[in-house]
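Notes to accompany the following structure.
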Amino acid sequence: MGNSGNLRWAVWLVLAALGLFGACDDGTADDDAFEDVGDAGADADADADADADADADGDADADADADPDSADDAGTGELPVGSWLWIRQVEDGAVVLEITEDDLVTRVGPSGWEGCPSGIICTHYGIDKLQVEADGAAKWIRNVVTSSDFEYFGTVSASGDLLHFFFDDHFSCAHPDVRDTELRERHSRYRIDGDGHLWLSVTSLTGELPFATSEPVDPTRWLVFRAITAEEFDDDYAIRLCQASSDDLCHPACFPERW
């Protein structure tokens, strides 16, 4: 490792000694808005299927912010190219959670966010992000409340209002032993509303990889995203730190690190 690597590890050791980085903490934050996936062997498939049998009734009287049918573009077969940051959870036509800029600020427990373990860096509800390139390359990244990252890279195609994901690169910088190339095929209905927000249908509001394993019919759960820049995706809204004894044990995408 060069001088930059030595400096990074010096910083990491200070953080670890102070207990300020919670990516390897296996506890679950008290906030119900996110499931803290601390088990390195957990399979995302269970999360994606957890609520697949949810009731399909919609709320026709919901306001536009909670009604995907009010979207200007109900999916035209065009990929939603860009970088996207979550701002809202919607279920049965009602907004169940709004995520503000303040919610994305990292704070140290227990005096920071309620339910954050003592000495651990947390965000209020975690961070969900999607990035789609014009060539169909796709990245789905979830940082749980205690900052652990769970990342899925692959491809996506669009047909009508359906997105079809093929994720074949799964890893975590916080948990280097979470790394595999198992193919995970997922589906999501999508919308672009009048404010330019992207709506993605999900089977679970709290799962690590929340998209359906088969084509959704009349979905009632949605995550809503606003557009951000690629730089914001990679830097401003990124939490990733290789917690291994050697850089070689972490996925190349864990660098440069951000926390």
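The values are calculated or read from the model by the stated rules, or taken from the named source; none is laboratory data. It should be emphasised that the depicted structure is a prediction, and the values quoted were computed from it without experimental measurement. We place every Cβ from the backbone using ideal geometry, glycine too, and count neighbours over all the protein chains shown. Remember, those area values only see protein heavy atoms, side chains included, never the ligands or the DNA or RNA. Shrake-Rupley method; radii C 1.70, N 1.55, O 1.52, S 1.80 Å.
Per residue, how much accessible area does region 82-220 have with a 1.4 Å probe, in Å²?
34
State the three equivalent ellipsoid semi-axes of region 74-141, derived from the C-alpha gyration tensor as the square roots of 5 times its eigenvalues, in descending order and whole Å.
Rounded to whole Å, the semi-axes are 30, 16, 8.
Shape of region 65-214 from its Cα gyration tensor (a ≥ b ≥ c, root eigenvalues): rounded if a/c is under 1.5, otherwise prolate when a/b > b/c, or oblate?
Oblate.
Amide H to amide H under 5 Å from residue 163: which residues, 5+ apart in sequence or cross-chain, H placed 1.01 Å off N in plane?
188, 189, 190
In a shell of Cβ-Cβ distance under 10 Å around residue 96, excluding residue 96 itself, what net charge do Lys and Arg (+1) and Asp and Glu (-1) give?
Summing Lys/Arg as +1 and Asp/Glu as -1 gives -1.
If eta is 0.890 mPa s and T is 25 °C, what Stokes-Einstein diffusion coefficient results for region 131-186, Kirkwood Rh from Cα pairs, in µm²/s?
Once the numbers are plugged in, D ends up at 205 µm²/s.
What does the highest-first list of 221-227, 205-211, 107-113 look like by mean Cβ count within 10 Å?
Output ranking for 221-227, 205-211, 107-113: 205-211, 221-227, 107-113.
Per residue Cα convex hull volume for region 148-250, in cubic angstrom?
In region 148-250, the Cα convex hull volume per residue is 119 Å³.
Projected onto the charge dipole of region 172-252 (+1 at Lys/Arg Cβ, -1 at Asp/Glu Cβ, origin at the Cα centre), which of 239, 187, 173 gives the Cα projection farthest towards the positive end?
Toward the positive end, the furthest listed residue is 187.
Under 17 Å from a label point 7 Å along Cα→Cβ of residue 248: give me every residue in region 155-199 with its amide N that close.
So the set is 176-177.
What list of ³J(HN,Hα) values in whole Hz, one per residue of region 153-169 in order, does the Karplus curve 6.51 cos²θ - 1.76 cosθ + 1.60 (θ = phi - 60°) give from phi, with Gly and Pro shown as x?
Values, residue by residue: 10, x, 9, 8, 10, 10, 9, x, 9, 10, 9, 10, 9, 10, 9, 10, 9 Hz.
Using a probe of 1.4 angstrom, how much of the accessible area of region 170-245 is carbon and sulfur, in percent?
Taking all protein chains in place, region 170-245 shows 42 percent carbon and sulfur surface.
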